[in-house]
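Heads up, the thing below is written out as structure tokens.
A short reminder: the numbers here are calculations on the coordinates, not readings from a lab. On a predicted model such as this, the values are computed, not experimentally measured, just so you know. So basically every Cβ, Gly included, is an ideal-geometry build from the backbone, and we count neighbours across all protein chains shown.
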Amino acid sequence: MAPGGGVCKEIIESRTKFMNYEISMPKADKSSTLAKTTSGSGEKHGMPSRNGVHDLLECPECTSLMYPPIHQCPNGHTLCTNCKRRHNCCPTCQYELGNIRCLALEKVAESLELPCRYQSLGCHDIFPYYSKLKHEQHCQFQPYNCPYASCECSVTGDIPALVAHLKEDHMVDMHDGCTFNHRYVKSNPHEVENAMWMLTVFNCFGRQFCLHFEAFSLGMAPVYMAFLRFMGEDNEAKKFNYTLEVGAFGRKLAWQGVPRSIRDSHRKVRESQDGLIIPRSLALFFSGADGQELKLRITGRIWKV
């Protein structure tokens, strides 16, 4: 347990909110309109290049920006690589495409400077055309995906918007405090092979942390796993540590780690085994009652490092 740790008296019951991976839930149709306000860390600030070449670099089929190799038909109509894979003939003039590259347009693109696609969310940096895509893949202003794991939710947004979305649309449990005492209950645990329990969000040190609890197979062995994700960037997540403990009858299993950013999906965290892993046999031993019902009490604490 972390120094100065304690366990809050409130017990959170998760009996009625057990959910299966196989359950399909309606996708939310909301999206965030809130913008982040922190400053960017891009290469430079300034006015982007503004000319007709930028329009020429948009694929006429999918309207995405084109990157080498840029293809063209015998009549000069351009096409991005992804669209070329789906077409044998030019979508514009129906001529056979062949394997002609538009080297001139690729060369001209090198002279362009463009704003980040997340400019409206706070990134005001300008990038050379061929550096822009790489930057956007790691831009700190790109919206976060909804951290709710039991359905393929398509909502994205900044942290305040996602917190409101989790509360209003997914009806997750929201709790204040840096210590917790959470009880997970499920009858017939032997029938559970691949499942998760309702997400819980903790407000702690002015930030939000997501507590996950899931059942799956590690190789051939059925296990349960509890882990924490941080609603923010990885460099901020590393400023915190947390512990998780489970036990009964004089035995205890403990884990101490660093919460993972929600930039990492729950599946990625699970597959890296970065959390408290409890073999089913041990979980049922902790539960008592001859293994007929899962009753696990997981305690934990979050603190700054």
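Quotient of the Cα radius of gyration of the range 44-138 and 2.2 N^0.38 Å, N being its number of residues: 1.16.
For a quick protection proxy, order the peptides 130-136, 88-94 by their average other-Cβ count within 10 Å, most packed first.
Details: 130-136: 15.6, 88-94: 13.3.
In descending order of packing, they fall as 130-136, 88-94.
Could you calculate the FRET efficiency of Gln94 with His138 from 1/(1 + (r/R0)^6), where r is the beta carbon distance between them and R0 is 45 Å, rounded to 0.05? Given R0 = 45 Å and the Cβ-Cβ separation, E is 0.70. Dividing the convex hull volume of the alpha-carbon atoms in the range 208-273 by its residue count gives 90 Å³ per residue.
Where does the charge balance sit around Arg117 when Lys and Arg score +1, Asp and Glu -1, over other residues with C-beta under 12 Å from its C-beta?
On the way: positive: Lys132; negative: Asp125, Glu136.
Taking every other residue near Arg117 into account, the sum is -1.
Modelled this way, with points 7 Å down the Cα-to-C-beta line, the labels at Glu191 and Glu233 are 4.7 nm from one another. Taking other C-beta atoms within 10 Å as the exposure proxy, Asp264, Asp55 rank Asp55, Asp264 from fewest upward. Compactness ratio for the range 144-257: Cα radius of gyration over 2.2 N^0.38 Å (N = residue count) comes to 1.14.
Counting other Cβ atoms within 10 Å as a rough exposure proxy, the listed residues His77, His124 run His124, His77 from fewest neighbours to most.
What net charge is computed for the residues neighbouring His190, neighbours being all others with C-beta under 15 Å from the C-beta of His190, Lys and Arg scored +1, Asp and Glu -1? In short, -1. Residues of the range 153-190 with backbone nitrogen within less than 19 Å of a virtual label 7 Å along the Cα-to-Cβ line of Asp290, please, listed as ranges. Backbone N within reach: 186-190.
Label-to-label distance for Tyr67 and Thr81 is 0.8 nm, based on points extended 7 Å past Cα in the beta-carbon direction. Just to verify a number: FRET efficiency for Glu110 and Asn145, C-beta to C-beta distance, R0 = 30 Å, to 0.05? Taking R0 as 30 Å, the efficiency between Glu110 and Asn145 is 0.40.
For the range 157-294, what does the relative contact order come out to in percent, with C-alpha contacts under 8 Å and a separation of six or more? Before the final figure, lay out each step's value.
Working: 223 pairs, mean separation 28.8, N = 138.
Reported relative contact order: 21 percent.
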